[in-house]
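*Asks:* Here it is: the structure, laid out below.
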């Protein structure tokens, strides 16, 4: 197995930790970095795990879903109320958890499905690291480092 990593820097989006007992319960934003580690058993004809120039489907997904969005947990009791108050002011994305750890786990699943689809299952995502303002990060690993 061989791996390589693509790094996406400074993606601005907000989130709210609705269960937090401190200031993280307020809507607040960060500049996020996302590092996606790809794996394969057999390199392509160019000797690549992935051709970084052909990952536009990932940068487009990030732009469409996360860039300038507000990520809410599915269970956030204020999510619908906030969105309904001014729908034109929100680009909302939902995940099971919007913590750094929860986002890493969520994005691992999303990106793995996209990469497998776009590579005819030759490549998979084995890890996703999500970083808030370059100060804090969490990494989610695939259950297995094989197909």
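*Asks:* For the stretch 53-67, indicate whether the set of residues that are at pLDDT below 95 and surrounded by 15 or more Cβ atoms within 10 Å (Cβ to Cβ) is non-empty.
*Replies:* The answer is no, given that none of the residues of the stretch 53-67 is at pLDDT below 95 and surrounded by 15 or more Cβ atoms within 10 Å (Cβ to Cβ).
*Asks:* Just to check your reading of the model, which residue among 39, 14 is outside any loop (DSSP other than H, G, I, E, B), closer than 26 Å to residue 113 by Cβ, at pLDDT 90 or above and more than 14 Å from the chain's Cα centre (by Cα)?
*Replies:* Answer to the check: 39.
*Asks:* Suppose we filter 68, 28 for residues that are over 11 Å from the mean Cα position of the chain (by Cα) and closer than 17 Å to residue 134 by Cα; which single one remains?
*Replies:* Exactly one of 68, 28 is over 11 Å from the mean Cα position of the chain (by Cα) and closer than 17 Å to residue 134 by Cα, namely 28.
*Asks:* Let me ask something else. I need the full set of residues from the stretch 111-147 which are touching a residue at least 12 places away in the same chain (Cβ under 8 Å), under 18 Å from residue 60 (Cβ atoms) and in contact with a strand residue (DSSP E or B) (Cβ under 9 Å, 6 or more places away or on another chain), in order please.
*Replies:* Of everything in the stretch 111-147, those that are touching a residue at least 12 places away in the same chain (Cβ under 8 Å), under 18 Å from residue 60 (Cβ atoms) and in contact with a strand residue (DSSP E or B) (Cβ under 9 Å, 6 or more places away or on another chain) turn out to be 111, 112, 114, 115, 119, 123, 125, 128.
*Asks:* Going by the conditions given, is residue 94 assigned to a strand (DSSP E or B) and at pLDDT below 95?
*Replies:* yes
*Asks:* Same structure again: Quick one: which residue in 115, 130, 110 is at pLDDT 95 or above and closer than 20 Å to residue 42 by Cβ?
*Replies:* The match here is 115.
*Asks:* Okay, moving on. Return yes or no: is residue 79 over 12 Å from the mean Cα position of the chain (by Cα) and surrounded by fewer than 18 Cβ atoms within 10 Å (Cβ to Cβ)?
*Replies:* Criteria not met by residue 79.
The values are calculated or read from the model by the stated rules, or taken from the named source; none is laboratory data. Just so you know, these numbers come straight off a predicted model, no measurement behind them. Quick reminder, even Gly has a Cβ in these numbers, built from the backbone with ideal geometry, and neighbours come from all protein chains shown.
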